[in-house]
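**Student:** One structure, as structure tokens, below. Some questions next.
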């Protein structure tokens, strides 16, 4: 398998991958199969990270993913980047409701330096053209907003993306734009979500907008998604930068809907010998429900599990009333907070350790078998603990000195010449 380093990607990548800033990227999981590119002459080409097109490689040009090509356009030609080749192109066309039998434009050639110079000049004029077009639309009293401008690769055509709440008669606008910029004009209406995806930005989560990075299909978002997740219906918090409901509201709604099936209905009242309890709030994911003795405000709140609530509902249907909502008088155990950054502390190696034994051999083995005693609590217990440690360390030191005295000296060995001389002198 051949690997190559894409410029700017910062790592090795195979043929099926592409840079992560490519919004409309399609992962080609058949890229490394021999002969995949020759299976089909259809090629997927992307333009300005916002739109794609499918073209036919009728000239059998050797093309790989990431190549810049010049494709047929009306009029002239356009410049795009190849994003997919081989068998998966037909599947992508089927997904986009395009038929291979329809009239499909073809690829001219790989982009030459002359083509890239024209392409760069055309792209440099897009921002100025957008600002100028907004001024022209304002002078013509048109209720519309120009969101983006995209020039064709050869600079002979420009696509103007606009947003409007109502139908707009822009015939006069097209005439003025054609006279001003001397290009062919095409108008395309987009929604607020598409505009946010083109402009980009940072969301309240601190990350780049989903519509500007990876989202290509926009699904309608309703307030029911916020209700299922128990969000407060505050339009300022639920709305995104496009002034519509945030797309991320749909991400976890299915999980909440599934979890709510394990909770009873909010309209059901629980009857006990203590009184009647009404639904107050629910923690859906933890399967906990809080009931109150008053409908309007929190009074004598009792939190029980969904399983316990279903048990009480079953007893009420049989005409029975439990003594209380809770299953027993078990007090909730308060969990001690865990410091997740304790292992990353700079002083984790400065903790006080116990005294090390001087001796070796059996002392080391015995030391390994000893269990660590629990730390004492209180000043008096701490003093006793310290005194015991001091006594033990002194006793170990005395034992070591005694064993050292009892050991035979080198001069006392029977084969030592010095010892023999001393005996002869005597």
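**Student:** Could you say whether any residue in the range 135-157 is assigned to a helix (DSSP H, G or I), over 30 Å from residue 40 (Cα atoms) and in contact (Cβ under 8 Å) with a residue 40 or more places away in the chain?
**Tutor:** Within the range 135-157, one or more residues are assigned to a helix (DSSP H, G or I), over 30 Å from residue 40 (Cα atoms) and in contact (Cβ under 8 Å) with a residue 40 or more places away in the chain.
**Student:** Follow-up question, since we're still on this one. Go through (1) without any contact (Cβ under 8 Å) to a residue 40 or more places away in the chain; (2) on the phi > 0 side of the Ramachandran plot for residue 160 and report which single condition fails.
**Tutor:** (2)
**Student:** Here's another thing I want to ask about it. Yes or no: residue 232 surrounded by fewer than 11 Cβ atoms within 10 Å (Cβ to Cβ) and under 26 Å from residue 257 (Cα atoms)?
**Tutor:** Values: surrounded by fewer than 11 Cβ atoms within 10 Å (Cβ to Cβ): yes; under 26 Å from residue 257 (Cα atoms): yes.
Considered against the rule, which asks whether it is surrounded by fewer than 11 Cβ atoms within 10 Å (Cβ to Cβ) and under 26 Å from residue 257 (Cα atoms), residue 232 comes out as yes.
**Student:** While we're on this one: Name the single residue that is modelled with the lowest pLDDT among those in the range 235-276 being touching a strand residue (DSSP E or B) at 6+ places or on another chain (Cβ under 9 Å) and surrounded by fewer than 11 Cβ atoms within 10 Å (Cβ to Cβ).
**Tutor:** 235
**Student:** Can you pull out every residue in the range 262-301 that is in contact with a helix residue (DSSP H, G or I) (Cβ under 8 Å, 6 or more places away or on another chain) and not in a strand (DSSP E or B)?
**Tutor:** The answer is 262, 263, 264, 268, 284, 285, 287.
**Student:** Mind checking whether some residue in the range 170-184 is at pLDDT below 90, part of a loop (DSSP other than H, G, I, E, B) and under 35 Å from the mean Cα position of the chain (by Cα)?
**Tutor:** For the range 170-184, residues at pLDDT below 90, part of a loop (DSSP other than H, G, I, E, B) and under 35 Å from the mean Cα position of the chain (by Cα): absent.
Residue-wise test of (1) farther than 23 Å from residue 181 by Cα; (2) surrounded by 15 or more Cβ atoms within 10 Å (Cβ to Cβ); (3) touching a residue at least 12 places away in the same chain (Cβ under 8 Å).
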| site | (1), (2), (3) |
| --- | --- |
| 45 | yes, yes, yes |
| 66 | yes, yes, yes |
| 78 | no, yes, yes |
| 83 | yes, yes, yes |
| 88 | yes, yes, yes |
| 93 | yes, yes, yes |
| 104 | yes, yes, yes |
| 109 | yes, no, yes |
| 116 | no, no, yes |
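**Student:** Could you tell me whether the range 302-315 includes any residue that is loosely packed, with under 14 Cβ neighbours inside 10 Å, outside the structural domain of residue 229 (by TED's automatic domain parsing) and not in a helix (DSSP H, G or I)?
**Tutor:** No.
**Student:** Considering only residues that are touching a helix residue (DSSP H, G or I) at 6+ places or on another chain (Cβ under 9 Å) and on the phi > 0 side of the Ramachandran plot, which ones fall in the range 190-227?
**Tutor:** Within the range 190-227, 200, 201 qualify.
The values are calculated or read from the model by the stated rules, or taken from the named source; none is laboratory data. If you're wondering where the values come from, they're calculated on a predicted model, not measured in any experiment. So basically every Cβ, Gly included, is an ideal-geometry build from the backbone, and we count neighbours across all protein chains shown.
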